[in-house]
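A short reminder: the numbers here are calculations on the coordinates, not readings from a lab. Not measured: the values here are computed from a predicted model. Reconstructed Cβ throughout: ideal geometry from the backbone, glycine too, with neighbour counts over all protein chains shown.
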Amino acid sequence: MFLPIGDEYSLMSIRTLIVDDSSVMRKIVDRSLRQAGIEMSQVFEAGNGAEALGVLQANRVDLILCDINMPVMDGLEFIKQLATVENATGTPIVMITTEGSEAHVVQALACGARGYIRKPFTADQVKEHVIPILAGKL
Amino acid sequence: MTPVDQSPTPSHPHQDWIPLLELATREVFELMLGCQLVKPTTPMTEASVNITGMVGLAGALSGVLSIGCDDKAAALMASKMLGIELDKVGPEVADALGEVCNMAAGNFKNKIAGLSDGCMLSPPSVITGNDYNIHSVTETPYLEVGLLFENMPLLVCLQIHS
């Protein structure tokens, strides 16, 4: 995935799952990751937590970016359910959401999220949060 | 058509929220669309609004935040958010405006002490059409901010139920 070379990282291609009920937001997240210099060999998309679990039953990914407020199954419930999916064991999850409250951050991290990005965001913020996680620093 | 009040009445209970509402909206456009919103020099009207995104707020603040504009402005928002040519934009227009509204509402509540944790947002809804009014069941105070997005009017309104 990411090979540390001093303070820099050699970027290798990753498989990503983007979970958001807005297709526009999924595309923005995709573009932000690419702008952050993260090369993605495969990008899976899901409109809610239940769909995302379905994707993970059949596919292994290296990174999950997930909204919180979604219909059918929200992001927090999705993280809890993730423990039952063998393919997803140890996969880092970063929440990307408008819910920026302290309580939501604490709840998401307690459920197993490794990072938290508040909307609206820039590609640089995505980079700051995601690269250390992929590099195994968080 | 109702002129947008650029200077709120002094008696309004939450008039100090108007700059925060404006800032929250400006930040969404700067960060997610890469463009600056501009203050209009003349009063704006609702004449050109034919698409409105709405997000409900519940909890410590109960109300509705809406952003209205015309379909060309909404299509341009989608184009900028998706990074595609304007003529390639399709049904994503409503989704894009809904997300802009959702982010503006989230950003606004996160700027006010006690609302970040105490206020929840509904999923966004979008209304389109040429001749509609949005009515609240009870007469409620509202804050309104008029801005220009690439020279096209944008009406940001927060109806406050409680």
Candidates B:Ala60, B:Ala73, B:Ala104: whichever shows maximal mean-square fluctuation once chain B is modelled as a Gaussian network with Cα springs under 10 Å: B:Ala60
Mean Cα-pair separation over length for chain B, i.e. relative contact order, pairs under 8 Å, 6 or more apart, %: 34
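Just subtract the alpha-carbon distance of A:Leu109 and A:Arg60 from 0.36 nm times their residue separation and send over the number in nm, one decimal.
Working: separation 49, 0.36 × 49 = 17.64 nm, distance 2.19 nm.
Result: 15.5 nm gained on full extension.
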Computed lengthening from A:Lys127 to A:Thr89, 0.36 nm per intervening residue step minus Cα-Cα distance: 11.4 nm
For region A:127-133, 3J(HN,Hα) per residue [Karplus equation, 6.51 cos²θ - 1.76 cosθ + 1.60, θ = phi - 60°, Hz, x = Gly/Pro]: 4, 4, 7, 8, 4, x, 5
Karplus (6.51, -1.76, 1.60) ³J(HN,Hα), θ = phi - 60°, over region B:70-83, in Hz, Gly and Pro reported as x: 9, 5, 5, 5, 5, 5, 5, 4, 4, 4, 5, 5, 8, x
Footprinting exposure proxy for A:Cys66, B:Cys119 (fewest neighbouring C-beta atoms within 10 Å first): B:Cys119, A:Cys66
Hz values of 3J(HN,Hα) by residue in region A:67-81 - Karplus curve (6.51, -1.76, 1.60), Gly and Pro given as x: 6, 9, 7, 9, x, 6, 9, 7, x, 5, 5, 4, 4, 4, 5
R0 of 45 Å, Cβ-Cβ distance B:Asp70-A:Glu102: FRET efficiency to nearest 0.05: 0.70
Residue order, fewest to most surrounding Cβ atoms within 10 angstrom, among B:Lys88, B:Lys109, A:Lys119, B:Lys72: B:Lys88, B:Lys72, A:Lys119, B:Lys109
Sparse-neighbourhood loop sites, GluC sites (Glu not before Pro) in region A:38-119 - DSSP loop, at most 16 other Cβ within 10 angstrom: A:Glu39
Gaussian network model of chain B, springs between alpha carbon atoms under 10 Å - residue of B:Glu99, B:Glu22, B:Glu30 with greatest fluctuation: B:Glu30
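When A:Asp20, B:Asp131, A:Asp74 are ordered from fewest to most other Cβ atoms inside 10 Å of their Cβ, what list results?
Ascending Cβ contact count within 10 Å gives the list B:Asp131, A:Asp74, A:Asp20.
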